[in-house]
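Student: Let me begin by handing over the structure; questions about it come next.
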Amino acid sequence: CTCASASSPRRVSVAKTSRAGTAAVADRDGHGRRVSITSSPRRIRFTKRHRDYSVQTSASNDDTGSLLDDLTVDERCPVPKDQRPSSQLLELQDSLLMGWGGKALNVYAARLGGLGAFFYVTLAYPIASVSYDPTTQPTEAFICACTGSFTAVAVFALLIYNNWSYVRDRLLSATVEYEETGWYDGQVYVKDPEMLARDRLLGTYVVRPIVERLRKTLLACGVGVFVSLAALNTIDAPEYGVDGGNYYDNGGASGFYKESSMMKYEPPATVGELEAEEREEREELQRYEAAMDRYQRDARQNAEDAASSLE
């Protein structure tokens, strides 16, 4: 499978003699011009100015070539097939959830939007309705539910991002870490030049744009959560009135009891209540003085007894 243009030195090709024959991957740009790429699970499209080039990345038959077809070096590669980076890329593309990252932009956005709407309806809004009454505080309930749905989408996007970034690193690396039979016999395989060229082409033009899109999705979800929390804090902030300084000075913000606050909010005592309080205070003082007198007398008596026993 070859994609080229006669009017441009840019050429990305996969030469294939047969399914088990020799394959080579070439990526050259004679002018060093930058190439912008959009990818899908089945084809890679290279766009440079007004010229489009396509490279097939799906499984192929005997008549067409694919970047994911087995090379000759794959037959003598000791890495198990399910642990090879190219096989892991195919597994990601075919995965029910992880394959979202490799979908077209409109499909990708629609699925993430549907996921956010699902969590908004089934989980976020019912929880927000408990905190804010939708009949009296609809805006607060809506913003609170949006915060929860943004968080749920970010969690799923982070899961997809971790898997695609892992495969990207394995494709771009010159070595492959693998396990022959279990965790206790880990090995490192140095890729052959043909395998390395194929894997780096896939990692650069297929997986890297997907990882960047997922990273932007996580950033957008983070901004959405931050903006929602800031808006909720602004709308739901308590109202202290124009005399906010007096509110703090009287201990209202700290939540502890102060005499000045008591004088402002408790009704003044009547004359009879004041006389009763003064009488109770005098009686309490008399009981305290009597107790102190008894304590002093007992102390003196104990001291005299101790002195007489020593004599």
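Student: Please list, in order, the residues from region 90-110 whose amide nitrogen is less than 20 Å from a point placed 7 Å along the Cα→Cβ vector of Val121.
Tutor: In region 90-110, the label zone of Val121 (backbone N under 20 Å from the point 7 Å along Cα→Cβ) covers 107-110.
Student: Please give the FRET efficiency for Thr139 paired with Tyr288, using the beta carbon to beta carbon distance and R0 = 51 Å, rounded to the nearest 0.05. Working shown, then result.
Tutor: On the way: r = 60 Å, r/R0 = 1.17.
That gives a FRET efficiency of 0.30.
Student: Let me ask something else. Quick check: Cα centre of region 280-294 to Cα centre of region 112-166, how many Å?
Tutor: Centre-to-centre distance over Cα atoms comes out at 66 Å.
Student: Using the Karplus curve 6.51 cos²θ - 1.76 cosθ + 1.60 with θ = phi - 60°, work out ³J(HN,Hα) for each residue of region 81-97 in order, rounded to whole Hz, and write x for Gly and Pro.
Tutor: Using θ = phi - 60°, the values come out as 4, 6, 9, 6, x, 5, 5, 5, 5, 4, 5, 5, 4, 8, 5, 5, 9 Hz.
Rule-based calculations on the coordinates, nothing more; no lab input. Only a predicted model underlies this, so the values are computations on that prediction, with no experimental measurement involved. As a convention, Cβ positions derive from the backbone with ideal geometry for all residues, glycine included, and neighbour counts pool all protein chains shown.
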